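Here's the structure, in structure tokens; my notes come after.
The values are calculated or read from the model by the stated rules, or taken from the named source; none is laboratory data. This is a predicted model, so every value here is computed, not measured. Here Cβ is always computed from backbone atoms with ideal geometry, including for glycine, and neighbour counts include all displayed protein chains. Note: accessible area is taken over every heavy atom of the protein model, side chains too, but ligands, DNA and RNA are not part of it. Shrake-Rupley method; radii C 1.70, N 1.55, O 1.52, S 1.80 Å.
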Amino acid sequence: MPVARAQSASVFGVSAFPVEVEVNLAPGVFAYATVGLPDTAIRESQERILAAIANAGFECPVKRITVNLAPADVRKEGAAFDLPIALGILQADGILDADLADSMFFGELALDGRVKPVRGIISLALLARDRGVARIVVPAENAEEAAVAEGVTVIGVDSLPQVVEYLSGKLALTPTTIHAPSLFAQGIGAGYDDDFADVKGQGHVKRALEVAAAGGHNALLIGPPGSGKSMMAKRLPTILPDITYDEAVETTRIHSVSGKLEGRRALVVRRPFRSPHHTISDAGLIGGGTTPIPGEVSLAHNGVLFLDELPEFRRNVLEVMRQPLEEGTVTISRAAMSVTYPCRFMLLAAMNPCPCGYYTDPDKECGCTGHMIRKYRSRISGPLLDRIDLHVEAPAVKYQQMMESPPGESSAAIRARVNRARDIQLARFAGSGIYANARMGNKETRKHCVLDEPSRQLLKTAVDRLGLSARAHEKILKVARTIADLAGKEKIEAMHLSEAVQYRSLDRDNL
């Protein structure tokens, strides 16, 4: 009873683990069985694989076919096992005479024998590289993405017959290679289509967003319709610090697992900007499903999650963001598994001051009662509001101001200041795993946010008058530290603290 073996792997979360595909052919009436905790996509692969083998011009063995995916006690998912299983069947039947031990194989088979792309290929390629595998055979559409894992030979293929001819030595295929750092540098230098220079007025809001970007702080914009909240939100990524190569690879892994990479794009070279609609479910926001997949908070990893019309989101949807905001990870638990995805993002939210939107507008009369306004704003819980560092009023812009104001400061100029402030923070927290002031713990806050006596008295007065929580107190200190970094100051001064307190003036007790 000939047994063939091929190496493959499966994705779990954003990581991968090796899987050995064993195929056994035994004499008897035709039967096909897959064991080793396969999911539905793998169990259904029988029909795809047999049709692909037949339509590719090979003879299907009329025997008892048993496919084992080892280790047998770990659940496997996805259609990437189609190709290694088909090769195992052909080798066990004597059609393919080749050594498969030094390679890993990934790919979904179409009924006509074409090899179709699969999700999570960058994670699979990185696993192969780390395990010292000499070669991986992947769908041609995934080849450039796999080549980001430098150090492993990547062979892109289009069809099952092509793979058989290549492995048999009858066809030469050129390995796919890219220089990932050059591709990354090229993408970084491409620039953005949007720019803060397009924003007329709103100097106070742009300053607040600069502070938020410099320290990685969450922010909430409150203003009437048409005040430019969404316009400025879409431009926030243009002033964030340049994404690093390691961040780009990490972000690419999440988008690849989710199937969100566009075309043959090999690397995500810009910070993500995700803006889900307020009708989204909690599973859509943090991730979920029978087989957990990343949600919007993970797709926004290393970038911005923008929640427009914040009070319109369902209460349970907003409350599930507490863990992601605090820990930078989200854990999705199911009966058979528990998956953790990274979700270190900046939260930017926007809302109207009242249901009709014109409570703070000097030119339009608000028709909302006090009860309606309180009910509207109470949709955002105190604990969630505490986790938002800056609350910023975005007033309506006058027509004359829109028409006569000169172009605002460019995103490039603002980003230069933000990068300088981030460099200060990276040097301050070197070796600690902290990348921005917003991620300081209590220990770091006490060490790096020391106040003199006048500043302490100022903060005490603000806390007493605004009724701030202990968490809001910590947020003020962190924001003040960022403002001082933007000013190039080693110590927090009263003026820095005063500006930070100003960004809490819309805390819950004052809404």
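As a summary of the residue check, D193 satisfies the conditions (1) surrounded by 13 or more Cβ atoms within 10 Å (Cβ to Cβ); (2) closer than 30 Å to A394 by Cβ except for the one numbered (1). Consider segment 12-37 and keep the residues that are open to solvent by less than 30 Å² (accessible area, probe 1.4 Å), out of contact with any helix residue (DSSP H, G or I) (no Cβ under 8 Å at 6 or more places or on another chain) and assigned to a strand (DSSP E or B). The one that is farthest from E77 (Cα to Cα) is A26.
Taking each residue of segment 86-110 that is open to solvent by 10 Å² or more (accessible area, probe 1.4 Å) and looking for partners that are among the hydrophobic types (A, V, I, L, M, F, W, C) and part of a loop (DSSP other than H, G, I, E, B) with beta-carbon atoms closer than 8 Å, six or more apart or interchain, yields Q91/A98; Q91/L100; I95/F58; D102/V133; D102/A134; E108/A79; E108/A80; E108/V118.
Do the conditions hold for K364, that is, is it of a type in the set (K, R), surrounded by fewer than 18 Cβ atoms within 10 Å (Cβ to Cβ) and either within 19 Å of G226 (Cβ to Cβ) or within 20 Å of the chain's Cα centre (by Cα) (or both)? Write out each step before concluding.
On the way: of a type in the set (K, R): yes; surrounded by fewer than 18 Cβ atoms within 10 Å (Cβ to Cβ): yes; either within 19 Å of G226 (Cβ to Cβ) or within 20 Å of the chain's Cα centre (by Cα) (or both): yes.
It is true that K364 is of a type in the set (K, R), surrounded by fewer than 18 Cβ atoms within 10 Å (Cβ to Cβ) and either within 19 Å of G226 (Cβ to Cβ) or within 20 Å of the chain's Cα centre (by Cα) (or both).
Which members of segment 231-272 meet the condition of being over 15 Å from the mean Cα position of the chain (by Cα), over 30 Å from V205 (Cα atoms) and open to solvent by less than 30 Å² (accessible area, probe 1.4 Å)?
Step one: filter segment 231-272 for residues over 15 Å from the mean Cα position of the chain (by Cα), giving 231-236, 238-242, 263-266.
With the extra rule that they be over 30 Å from V205 (Cα atoms), the set shrinks to 263-266.
Selection gives A266 alone.
A single entry from A233, A300, A248, A283 fulfils the requirement of being hydrophobic (A, V, I, L, M, F, W, C) and free of Cβ contacts under 8 Å to residues at least 24 places away in the same chain: A283.
A count restricted to segment 416-440 and to residues that are exposed (fewer than 11 other Cβ atoms within 10 Å of the Cβ) and at pLDDT 90 or above stands at 2. Among the residues of segment 44-67, those that are open to solvent by less than 40 Å² (accessible area, probe 1.4 Å) and not in a loop (DSSP other than H, G, I, E, B) comprise S45, I49, L50, A51, A52, I53, I65, V67. Going through (1) modelled with pLDDT of 95 or more; (2) open to solvent by 20 Å² or more (accessible area, probe 1.4 Å) one by one, L511 falls short only on (1).
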